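> Please see the structure below; I have some questions.
The values are calculated or read from the model by the stated rules, or taken from the named source; none is laboratory data. Keep in mind that what you see is a predicted model, and the values were worked out from it rather than measured. Positions of Cβ are generated from backbone atoms using ideal geometry, with glycine treated the same way; all protein chains shown enter the neighbour counts.
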Amino acid sequence: MTAGRPPRALTIAGSDSSAGAGIQADLKTFAARGVYGTSVITALTAQSTRGVRAVLAVPPAFVRAQIDAVLADLGADAVKTGMLLDPRTVTTVAEALAAHRAPLVVDPVMTAKGGATLLRRSAIPALRARLLPLATVVTPNRAEAAVLVGFPVRDRDDMERAARTLLELGARAVVVTGGDLEGDACDLLVSRRGAVWLRARRVPGAAAHGTGCTFSSAIAAELAKGASVARAVAVAKRYTTACLKRARRLGGGHPVLGHFGSRVG
């Protein structure tokens with residue numbers, strides 16, 4: 001980070017027209033965490049709090065043009081990826097970021113809250129082989145982790161096994177989120193230094209829209225400010241929990257997170 005300039009974080013993800021997840025949630029998170037956010041849009045979604053109606057991919061060449069434009073001018077102190085949709089986009093993003101030395105958070109977004117596909121099965125091999133080895137942190141939920149490692153992730157023991165398998169693919173750290181398990185909302189951070197469980201009392205109510213995007217973006221924001229991975233993940237966990245406590249029903253579907261108003265440090 002250059003002296004006199006604010007920390008900068010770049011999100012490479014899909015656009016959510018309801019602004020609850022995707023690029024919009026990422027930019028709100030960056031702003032709330034005191035980081036200047038830039039964005040590269042990989043896909044457009046016609047989306048509401050009820051679900052995704054349609055998806056339109058951005059051509060990979062234009063994805064690359066966006067990345068090059070941002071990095072050549074503004075740079076980035078951390079990068080976060082979200083919805084990448086197809087193999088060509090995954091490969092394009094990996095090629096563009098291979099020479100960029102900033103911390104990278106990979107959120108392997110696969111499905112929307114309503115079940116729409118946001119990462120095609122054909123893109124999984126490219127994600128595993130090209131993007132995960134570049135990652136500082138990978139943040140799958142249990143279902144995403146299961147797809148990436150090829151075995152069911154049903155409980156906390158499976159979460160640890162999956163995280164260690166993902167480390168073997170080249171990621172420096174892995175957070176498998178387990179907020180959908182019974183009891184406290186528990187996420188597991190595993191790195192070559194060991195394993196740490198992050199626990200928070202479950203926030204009652206319906207599942208909110210954009211939780212995974214917000215969590216991974218908050219990690220990227222803290223990394224952009226120079227935090228260690230362990231601290232970045234811990235702060236992101238507290239921040240996301242605070243956002244859940246402020247979640248509101250603004251439409252007829254899932255609640256949306258309250259990104260602003262938190263003094264989490």
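> Please work out which residue is surrounded by the fewest Cβ atoms within 10 Å (Cβ to Cβ), limiting yourself to the range 210-231 and to residues that are under 17 Å from TYR36 (Cβ atoms) and out of contact with any Pro (no Cβ under 6 Å at 6 or more places or on another chain).
Top of the filtered list is GLY226.
> Yes or no: LEU27 under 17 Å from GLY210 (Cα atoms), in a helix (DSSP H, G or I) and modelled with pLDDT of 95 or more?
yes
> Within the range 138-192, take every residue that is of a type in the set (Lys, Arg) and touching a residue at least 24 places away in the same chain (Cβ under 8 Å) and give me the one that is surrounded by the most Cβ atoms within 10 Å (Cβ to Cβ).
For the range 138-192, the residue satisfying everything is ARG142.
> Exactly one of (1) surrounded by fewer than 22 Cβ atoms within 10 Å (Cβ to Cβ); (2) touching a Pro at 6+ places or on another chain (Cβ under 6 Å) is unmet by PRO108. Its number?
Tallying (1) surrounded by fewer than 22 Cβ atoms within 10 Å (Cβ to Cβ); (2) touching a Pro at 6+ places or on another chain (Cβ under 6 Å), PRO108 fails exactly one: (1).
> Also: For the subset of the range 232-243 comprising residues that are among the small types (Gly, Ala, Ser) and under 13 Å from ALA32 (Cα atoms), which member is modelled with the lowest pLDDT?
Only one residue tops the list, namely ALA242.
> Just the residues that are under 17 Å from VAL35 (Cα atoms) and either in a helix (DSSP H, G or I) or modelled with pLDDT of 90 or more (or both), please, taken from the range 244-265.
Within the range 244-265, HIS259, PHE260 meet the criteria.
> Would you check which residues across the range 1-25 are more than 13 Å from VAL256 (Cα to Cα), touching a residue at least 60 places away in the same chain (Cβ under 8 Å) and under 13 Å from the mean Cα position of the chain (by Cα) and list them?
Those that are more than 13 Å from VAL256 (Cα to Cα), touching a residue at least 60 places away in the same chain (Cβ under 8 Å) and under 13 Å from the mean Cα position of the chain (by Cα): ALA9, LEU10, THR11, ILE12, ALA13, GLY14.
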